[in-house]
Amino acid sequence: MTTSSPELLCRSLHVRKEQSIVMQKELLPGYHIGLRPVSVYADNDIYAVHEWLSAGYSGKAGLPVDQLRVFFILLGESTYAQAFMVLLNHDTPIGQFEVYQVLQDELKDAIDAGEGDYRIYIPVMPVIASLPDVTLQILECCLEYFFSHAEVNRVFWVIPVNDKERNRLAAKTGALHYKFVNQPHSDAGQPANVYQYTRS
């Protein structure tokens, strides 16, 4: 069973309140995946993300907890971006996504961007240690949730060319390689592939 919210994908949240699960789906018996905005109501999400990033997950590695908190508060209050936690069985964080409207993002300079275009950024790939092959299904669930919002027409994913695993996942989730206007680069300054998902 999948549940989702009819509200806008990127909307300003009451960041001082606990955030609710906006999408939930059973992948396998005993394995429920949930998606909810990153919560700064308690420090659980902030410390989980800090631990992941400290392990070298992205360019944000080494950011102090207080700076991460401010970052997620700003995203939570934004009307053009949002950060989500991926949860296993309602409460165990296993990954983190960010979504940005392309017209408010640097990607707009590399593609023919329009209303309804969004970019996903996945600082922490959602992984269940005992079921590594389920990552693909989790990505598909998250994309399904994003496209459940009427305002979303296309979703882009920018992946460094040398990140073979993420490029493989993009292809397996049905993403099409986008022919860009200008050569985009990843956050690390490396040449990047741009993948596009469109509403079915």
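The values are calculated or read from the model by the stated rules, or taken from the named source; none is laboratory data. Not measured: the values here are computed from a predicted model. Every residue, glycine among them, receives a Cβ derived from its backbone with ideal geometry; neighbour counts consider all protein chains shown. Remember, those area values only see protein heavy atoms, side chains included, never the ligands or the DNA or RNA. Shrake-Rupley method; radii C 1.70, N 1.55, O 1.52, S 1.80 Å.
Brief remarks on what is shown
- Extension gain from Q67 to L27, taking 0.36 nm per residue of separation minus the Cα-Cα distance: 11.0 nm
- Heavy atoms of L75: accessible area, 1.4 Å probe, square angstrom to 10: 10
- Residue of E106, E165, E98 that the Gaussian network model of the chain assigns the largest fluctuation, springs spanning Cα pairs under 10 Å: E165
- Measuring against 27 Å, Cα to Cα, the residue pairs K108/K172; K108/K164; K17/K172 contain K17/K172 as the ones spanning a longer distance.
- The chain: proportion of alpha-carbon pairs further apart than 23 angstrom, %: 42
- L103 paired with E7, simple spin-label distance in nm, labels 7 Å along Cα-to-beta-carbon: 2.2
- Only alpha carbons enter this Debye calculation for the range 47-147, each as an equal point scatterer, and the log10 of I(q)/I(0) it gives at q = 0.17 Å⁻¹ is -0.88.
- For the pair D133 and R168, label points projected 7 Å from Cα toward Cβ lie 1.3 nm apart.
- Farthest toward positive dipole pole in the range 1-155 [+1 Lys/Arg, -1 Asp/Glu at C-beta], among Q67, T135, Q96: Q67
- Computed from the C-beta positions of S54 and T198 and an R0 of 30 Å, the FRET efficiency is 0.25 to the nearest 0.05.
- Rounded to 0.05, the FRET efficiency of the H177 and S20 pair, given R0 = 30 Å and the Cβ-Cβ distance, is 0.25.
- Burial ranking of peptide ranges 20-27, 34-41 (average Cβ count within 10 Å, highest at the top): 34-41, 20-27
- Each 5 Å bin from zero up to the one holding the largest Cα-Cα distance in the range 92-200 carries the following percent of pairs: 2, 12, 23, 26, 21, 12, 4, 1, 0.
- Pair-distance distribution of the range 119-181: all C-alpha pairs, bin width 5 Å, starting at 0; shares per bin in whole percent are 3, 14, 27, 28, 17, 8, 2, 0, 0.
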